[in-house]
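The structure appears right after this line, and notes come after that.
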Amino acid sequence: MSIQLHIHSSREAAVRTVALEMATLIRNKAHAVLGLATGATPIPLYQELVRLHHEEGLSFRQVTTFNLDEYLGLESTHPETYWNFMHRNFFDHIDIPAANIYLPSSHVAESELVSHCLAYEEAIRAAGGIDYQILGIGRTGHIGFNEPGSPADSITRRIHLDAITRQDAASAFGGLEHVPTHAITMGCGTILAARHISLMAFGEGKAEIVRRAVREPVTDQVSASFLQNHPCAHFHLDPASASAL
Ligand code: F6R
């Protein structure tokens with residue numbers, strides 16, 4: 001097993017390829033289950049899927065989605081919750097029923113944290129497991145918010161965000177002091193249970209961590225390296241993010 005590399009001519013070409021794979025799945029499987037990511041990387045993918053919905057009749061009425069992660073401690077009205085991000089960038093523009101959309105909660109009480117996370121795992125299982133998982137990669141090598149040290153078999157849980165991850169989010173939050181310290185994330189094990197995984201990484205800033213994930217031995221210091229042991233993990237790169245391979 002090894003990661004299958006796709007080095008596209010541009011990020012637009014990468015996004016078109018991934019969107020087409022997702023559309024094919026959705027058209028061919030009655031109840032497709034998608035694992036979705038937030039961040040800058042998948043925004044053009046969501047734009048392309050919205051275009052396919054409006055211009056080519058792609059319907060999400062039968063689709064169920066599970067997002068990878070959510071910040072903890074934000075009011076539901078906060079613009080940076082991943083719930084709001086996903087609605088703003090994707091769900092508000094397609095025909096997916098609200099009941100089919102799953103994200104971890106941004107404001108779950110401490111006493112309910114464990115049961116909330118276990119219920120998320122159970123909901124994924126009850127939906128039949130994830131058919132197609134979208135991932136980005138953080139500069140710490142995280143997938144979801146599985147920061148260095150996350151075990152390969154970890155499940156959905158609360159995680160302390162790495163300092164680099166918080167720095168990368170600082171501008172969106174108007175300063176480091178406003179970035180949450182914790183999040184809920186699917187575990188590495190949750191992600192690795194997906195049947196097909198497409199990780200997208202664009203730009204020179206991702207080149208070194210992509211190289212470590214693909215070329216270095218598997219290590220819990222780079223969660224994305226666990227994808228080397230997945231039977232169907234694909235990296236969709238642009239020339240810049242592939243430049244250190
Ligand atoms: C987002 C997520 C993260 C991001 C990663 C890259 O739901 O789980 O792993 O995919 O931090 O973020 P961007 O795309 O902003 O570079």
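Based on alpha carbons, the Rg and Dmax found for segment 147-215 are 14.0, 38 Å.
The length gained by stretching the chain between Ser111 and Ser2 to full extension, at 0.36 nm per residue less their Cα-Cα distance, is 35.2 nm. For segment 4-237, the calculated P(r) over all alpha carbon pairs, in 5 Å bins from 0 to the bin holding the longest distance, is 1, 7, 15, 20, 21, 18, 12, 5, 1, 0 percent. Annotation for segment 91-127 versus segment 182-233: alpha-carbon center distance of 22 Å. Close amide H pairs (under 5 Å, H built 1.01 Å from N) link Ser154 with Cys188, Gly189, residues at least 5 positions away or on another chain. Secondary structure note: in the chain, about 25% of the DSSP beta bridges are antiparallel. Apply the Debye scattering formula to segment 67-196, with a single equal point scatterer on each alpha-carbon and no solvent, then give log10 I(q)/I(0) at q = 0.15, 0.16 Å⁻¹. Each listed q corresponds, in turn, to -0.73, -0.84. Using R0 = 35 Å, the C-beta based FRET efficiency linking Ser76 and Arg139 works out to 0.80. Highest mobility in the GNM of the chain, judged by mean-square fluctuation with C-alpha springs under 10 Å and restricted to Ile164, Ile94, Ile184, is found for Ile164.
For the chain, carbon and sulfur atoms together expose 52% of the accessible surface, with a 1.4 angstrom probe and every protein chain in place.
Heavy-atom accessible surface of segment 4-237, averaged per residue, reaches 43 Å², computed with a 1.4 Å probe.
Assuming 0.36 nm per residue, please report the length gained on full extension of the stretch Gln228 to Asp95 beyond their Cα-Cα distance.
44.4 nm
The values are calculated or read from the model by the stated rules, or taken from the named source; none is laboratory data. All of these numbers come straight from a predicted model, not from anything done at the bench. When we count neighbours, we look across all protein chains shown, and the Cβ atoms used for this are built from the backbone with ideal geometry, even at glycine. Accessible surface is based on the protein model in full, side chains and every heavy atom, while ligands, DNA and RNA are left aside. Shrake-Rupley method; radii C 1.70, N 1.55, O 1.52, S 1.80 Å.
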